[in-house]
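Input: a single structure, listed below in C-alpha cells.
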Amino acid sequence: MRGLDIKRNTHFGTLDIAFIAIFSALYVAVNLILGPLSFQLLGLPILHDIGIFSTLLLVAWITERLGTSIAVASIGSAIAILFGAPPLIIGFAASAIPFDILLVANHHKIRNSIKGLFVPAAATILSAYVAGVIIGVLFMSNGLRWAFSIWGGWHMAGGVLTITIILPIIVALEKANVRKLVHKAT
C-alpha cells in the first residue's frame, strides 16, 4: 500500500482551484434550488443530500486531493447563505470534514474496485448521517433522539441514494478516461 504523498497534497494547483470554483458554484445551486425543492416535494432532505454529496464525490474524484471537498462545502455554504439559503446548510459543510478525511483511506481515488468504491460509499453514507444529526440537533426542535435516529436516518438514506446514482457515473467517467484527459490537457 502506497503511503500518503505529503508533497503532492500540500497545496492546490491551478486546476484544483478551478474545479473548486466550478463545484462550489454547483454546490450553491444545489442549496438554493434542489434543497428547497426537496422539502416542497417530499418534506424530506433526500434530494438535497443527493445534490450535496454528488458534488463532493465528483470534486474528490476529479482532483484526488485532500481538502477540495471541504473547500467546496465551505465556500459553497458561505455563498449560499449570503444568497438566502437557510443556515442549516452549515451541517452539510461540517459533514464535508469527515467525508474528506475518510477518503484519505484510498488516497481520494474513486475507482472500479472493491476498495475504490467501498471507501467513498462509506464516507458518503456516514457523512450524510453526520449532516443529518448536526442539522437535527442545532436547527430543529424535535430532540436528540429524533436527530440521531429519524433525521440522521433520512439523511443516511439520501447518502445511499447518492452512491447508487453517482458511483456508477464516476465509474463510467473513469472508464472513459475523463479525469486523465482533463489533467492531460493542462
- Query: Which net charge results when you count Lys and Arg as +1 and Asp and Glu as -1 among the other residues whose beta-carbon is under 13 Å from that of residue 56?
  - Reply: -1
- Compute the long axis of helix 152-175 from its Cα atoms, compare it with the longest principal axis of the Cα atoms of the chain, and write down the angle in degrees, 0 to 90, nearest 10. 20
- Taking 61, 154, 146 and counting other C-beta atoms within 10 Å, the order from fewest to most: 146, 154, 61
- What angle do you read, to the nearest 10 degrees and between 0 and 90, between the alpha-carbon axis of helix 46-63 and the longest principal axis of the chain? 20
- Query: Going by how many other Cβ atoms sit within 10 Å of their own, how do 114, 75 line up, fewest first?
  - Reply: 114, 75
- For residue 109, which sequence-distant residues (separation of 5 or more, or a different chain) have an amide H within less than 5 Å of its own amide H, given hydrogens modelled in the peptide plane? none
- Farthest towards the positive end of the dipole of the range 72-186, among 158, 132, 91 and with Cβ unit charges of +1 on Lys and Arg and -1 on Asp and Glu, lies the Cα of 158
- So how much slack lies between residue 183 and residue 144, counting 0.36 nm per residue of separation and subtracting their Cα-Cα distance, in nm? 9.5 nm
- Note on the structure: When 27, 129 are ranked with the fewest other C-beta atoms within 10 Å first, the list becomes 129, 27
- Roughly how big is the chain's charge dipole about its Cα centre, with Cβ charges of +1 (Lys, Arg) and -1 (Asp, Glu), in debye to the nearest 20? 580
- Mind checking the angle between helix 114-139 and the chain's longest principal axis? C-alpha axes, 0 to 90 degrees, to the nearest 10. 30
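Taken together, the values in this text are just the output of simple stated rules run on the coordinates, not laboratory data. All values reported here derive from a predicted model rather than from experimental measurement. Glycine gets a Cβ as well: all are built from the backbone with ideal geometry, and neighbour counts include every protein chain shown.
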